[in-house]
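A.B. asks: Let me begin by handing over the structure; questions about it come next.
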Amino acid sequence: MFQFRKEQKIFEIGKIKIGGQPGQNPPALIGSIFFKSHKIVEDDKRGIFDKKQAETLINLQDEWADKTGMPAILDVVGEYPEALINYIEFVTSITDTPLLMDGATGNVRIPVCYHLKEIGLKDQIIYNSIDYHSTDDELIAIKDADLKQAVLLAYGPRFIWPKDKLKLIAGDIQGKNLLEKAKEANVEKVLIDTAVLDTPSIGLSARAIYLVKEELGLPAGTAPCNSIYTWAKGKEFNAIKNSIISTCAMIHTLGADFILYGSIANAPIIFPALAIVESCISYNNRREFKIRPAENHPISKIF
């Protein structure tokens, strides 16, 4: 077990805190809903879906967050602006859990920003994401909507290795680095997604999480599960769900502050598994480094 030398930023987003030393604030677990091929979606262009099933899934994640003390975020995915607006309005009527506004492209997200401005919905929303390709128009839309929190996606064609991801985030590169883009958009709370390309690259992403926290002190995490679902041998070995748990646990132990664990339906297997990991980290780090766990930490709820 370890602690980071750099002072760690902690951001309060809605009802949760993200960031800090290992064993202090448990990582936020992020389940995805309305993603492409999600069976509850009936029309992905207009955002028509089975509301009863969606509410059941949203409540499922909230229940497991309450049971385990692991904070939750919803990843609300949309392929088209109208659909994403409908999804967000529904989700925010059901839960006060923070959510990722996860549009497929900037062209999807920009109209949603302006709609959020019109209806006054912003404090619960995390923009996902500002990246290497984000345009000035996109940054202006984020600023105009007064969205103060965003994911910065550390992915670009020349930024594959962990040290290169740090350059993209905060270094001297051609064009604006990601922190400069966030500042231009008036974003105050940034979550660094170290970007998984394929299953073996989960290791690179995990190492990058450690470096981001060690050198920049910013909250960091990633999404290992999408690549697991496309791993052909995983299906052959009947190992998809076990591999999701193991890879999430790996990035957790390297200091991740948030983890996108895939379909929200997996909440019952992910939350207790990572609550145990978090409790073990906290138990050691409180004694070795005097890091006090946050209120309602998993170690006080699952044992």
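The values are calculated or read from the model by the stated rules, or taken from the named source; none is laboratory data. All of these numbers come straight from a predicted model, not from anything done at the bench. Glycine gets a Cβ as well: all are built from the backbone with ideal geometry, and neighbour counts include every protein chain shown.
A.B. asks: Tell me, please, whether a residue that is basic (Lys, Arg), part of a helix (DSSP H, G or I), free of Cβ contacts under 8 Å to residues at least 40 places away in the same chain and surrounded by fewer than 21 Cβ atoms within 10 Å (Cβ to Cβ) can be found in region 149-161.
C.D. replies: no
A.B. asks: Taking only region 94-124 into account, find how many residues are closer than 22 Å to ARG46 by Cβ, part of a loop (DSSP other than H, G, I, E, B) and not hydrophobic (A, V, I, L, M, F, W, C).
C.D. replies: Residues meeting the conditions: 1.
A.B. asks: Taking into account only those residues within region 256-300 that are polar (S, T, N, Q) and under 22 Å from the mean Cα position of the chain (by Cα), which is modelled with the lowest pLDDT?
C.D. replies: ASN296
A.B. asks: Right, next: Out of PRO293, PRO268, I need the residue that is more than 19 Å from CYS225 (Cβ to Cβ), in contact with a helix residue (DSSP H, G or I) (Cβ under 7 Å, 6 or more places away or on another chain), touching a residue at least 40 places away in the same chain (Cβ under 8 Å) and not acidic (Asp, Glu). Which one?
C.D. replies: Testing whether each residue is more than 19 Å from CYS225 (Cβ to Cβ), in contact with a helix residue (DSSP H, G or I) (Cβ under 7 Å, 6 or more places away or on another chain), touching a residue at least 40 places away in the same chain (Cβ under 8 Å) and not acidic (Asp, Glu) leaves just PRO293.
A.B. asks: Report, by residue number, each residue of region 97-143 that is acidic (Asp, Glu) and closer than 18 Å to THR222 by Cα.
C.D. replies: Passing the criteria: ASP102, ASP131.
A.B. asks: Select from region 1-47 the residues that are aliphatic (A, V, I, L, M) and in a loop (DSSP other than H, G, I, E, B) and list them in ascending order.
C.D. replies: MET1, ILE40
A.B. asks: Could I ask something else about it? When you go through (1) more than 17 Å from SER134 (Cα to Cα); (2) not in a helix (DSSP H, G or I) one by one for PHE90, which number turns out not to apply?
C.D. replies: Every condition holds for PHE90 apart from (2).
A.B. asks: Here's something else I'd like to know. Could you please find all residues in region 239-265 being part of a helix (DSSP H, G or I), of a type in the set (S, T, N, Q), in contact (Cβ under 8 Å) with a residue 12 or more places away in the chain and surrounded by fewer than 22 Cβ atoms within 10 Å (Cβ to Cβ)?
C.D. replies: SER243, THR253
A.B. asks: Follow-up. Inside region 160-185, can you point out the residues that are in contact with a Lys or Arg (Cβ under 7 Å, 6 or more places away or on another chain), of a type in the set (A, V, I, L, M, F, W, C) and at pLDDT 95 or above?
C.D. replies: The one that is in contact with a Lys or Arg (Cβ under 7 Å, 6 or more places away or on another chain), of a type in the set (A, V, I, L, M, F, W, C) and at pLDDT 95 or above: ALA185.
A.B. asks: What are the residue pairs meeting all of these: first residue in region 43-57, first residue more than 11 Å from ILE94 (Cα to Cα), second residue aromatic (Phe, Trp, Tyr) and assigned to a loop (DSSP other than H, G, I, E, B), Cβ atoms under 6 Å, and 6 or more apart or on different chains?
C.D. replies: Pairs found: LYS45/TYR80.
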